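Notes for the one structure printed next.
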Amino acid sequence: MCIIIAVANNKGGVLKTTTVTNLAGVASQHGQRVLIVDCDNQSNVSLSFNLNPDSFENTLYDILVDQVDPRYVIEHVTDNIDILPSNDSLSMLEFEVLTNLNQYPRPFYLLRNMIKDVVNDYDVILLDSPPNLGLVSGNILSFADLVLIPFQPETFSMRSLIKMLSAIDDFKKAHNPKLDVLGVVGTLVNNRTNLHTNILQQCRKFLDHKRIKMFDTIIPRSIRFASSVGFEGLPATLVKENKNNDIVNAYINLYNEIKEVVNV
Ligand code: ATP
Ligand code: MG
């Protein structure tokens, strides 16, 4: 059975996209058929696979607004990985839908209704999210089974994590009873700073109390890794030369921890 995992956080730049694409890389190497749905108008999923987001005839926007069949939009990018791309047009979704509610009476269910027919073609669907909680995120939370939250330990991060958890809770009650938090993963961590260590400890304690999983794996900050991302045209976990790279290993460890909780 396919499992639908959203990687989401209303904060920007916390490694949502990098986590989606690299977990997809690891899962694909384990023989899992993966679909990545890019739900962000920044198109960073396409860019991670070296595709030009402006070259697609149709994107997620056309599926949601004009009911284009997702099978015509999905692109096969590498062994076991397909992507459903987005581009700038997705930024018009909110305006289009909210000004035509008679045409879209259930605006949070557009993604779920349109993608449901392809769900069984995959073992895992990973949803990359935008850095805000608008209509697109509402559609993501109505469709996902699980949410993985990347957490960058900075001074105000706990506050936005609490907001995110409460939004997920609200969505679960109102729109998607099967929705659960898969867990929280520390990202962009510099273990040499006391600030990061302290905030991660504080976060772990808070989540333990709420019975939410905090993964043991953390994704370290690495400037070298960041600068190599754009050049390879593939997620780092799929680049042969990256064997034994600390960050690639971190994504493998994260995948193994996820596997202990769900069948991916
Ligand atoms: P947005 O909210 O804009 O969608 P995001 O949460 O998806 O951002 P990413 O795009 O995954 O975040 O990552 C933000 C930036 O950090 C990117 O430029 C990426 O290349 C870089 N990056 C990825 N991994 C690391 C790392 N381990 N250390 C430092 N920088 C990284
Ligand atoms: Mg992103």
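The values are calculated or read from the model by the stated rules, or taken from the named source; none is laboratory data. Worth saying up front: this structure is predicted, and the values here are computed from it rather than measured. As a convention, Cβ positions derive from the backbone with ideal geometry for all residues, glycine included, and neighbour counts pool all protein chains shown. Surface areas here come from the heavy atoms of the whole protein model, side chains and all, with no ligands, DNA or RNA. Shrake-Rupley method; radii C 1.70, N 1.55, O 1.52, S 1.80 Å.
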Scan of the range 16-42 for residues that are surrounded by 22 or more Cβ atoms within 10 Å (Cβ to Cβ) and either on the phi > 0 side of the Ramachandran plot or of a type in the set (Lys, Arg) (or both), ordered by number:
Lys16
When only residues in the range 117-134 that are more than 16 Å from ligand 2 (Cβ to nearest atom) and open to solvent by less than 10 Å² (accessible area, probe 1.4 Å) count, which is farthest from Pro70 (Cα to Cα)?
Val124
Checking the structure you have, find out if any residue of the range 212-228 is within 17 Å of the chain's Cα centre (by Cα), over 27 Å from Asp169 (Cα atoms) and within 16 Å of ligand 2 (Cβ to nearest atom).
no
Go through Pro150, Pro105 for me and flag whichever is open to solvent by 60 Å² or more (accessible area, probe 1.4 Å) and under 27 Å from Pro177 (Cα atoms).
Pro105
Does Tyr61 meet the test of being of a type in the set (Ser, Thr, Tyr), in contact (Cβ under 8 Å) with a residue 12 or more places away in the chain and surrounded by 15 or more Cβ atoms within 10 Å (Cβ to Cβ)?
yes
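Go through Arg192, Arg211 for me and flag whichever is at positive phi and not hydrophobic (A, V, I, L, M, F, W, C).
Of the residues listed, the single one that is at positive phi and not hydrophobic (A, V, I, L, M, F, W, C) is Arg211.
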Restricted to the range 114-137, and to residues that are assigned to a strand (DSSP E or B) and among the aliphatic types (A, V, I, L, M), which residue is farthest from Val14 (Cα to Cα)?
Val124
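Could you tell me whether the range 213-222 includes any residue that is free of Cβ contacts under 8 Å to residues at least 24 places away in the same chain and not aromatic (Phe, Trp, Tyr)? If you could, list the steps in order and put the result at the bottom.
Of the range 213-222, the ones free of Cβ contacts under 8 Å to residues at least 24 places away in the same chain are none.
No, every residue in the range 213-222 fails to be free of Cβ contacts under 8 Å to residues at least 24 places away in the same chain and not aromatic (Phe, Trp, Tyr).
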Across the range 12-31, the tally of residues that are touching a helix residue (DSSP H, G or I) at 6+ places or on another chain (Cβ under 9 Å) and away from ligand 2 (no atom under 11 Å from the Cβ) stands at 9
Considering (1) farther than 16 Å from Cys39 by Cα; (2) within 16 Å of ligand 2 (Cβ to nearest atom), say which one Val184 fails and leave the rest.
(2)
Kindly indicate whether any position in the range 40-62 is among the acidic types (Asp, Glu), within 16 Å of ligand 2 (Cβ to nearest atom) and either touching a helix residue (DSSP H, G or I) at 6+ places or on another chain (Cβ under 8 Å) or within 23 Å of Val239 (Cβ to Cβ) (or both).
yes
Checking Leu111 against (1) farther than 25 Å from Leu254 by Cα; (2) open to solvent by 10 Å² or more (accessible area, probe 1.4 Å); (3) touching a strand residue (DSSP E or B) at 6+ places or on another chain (Cβ under 9 Å); (4) outside any loop (DSSP other than H, G, I, E, B), which test does it fail?
(2)
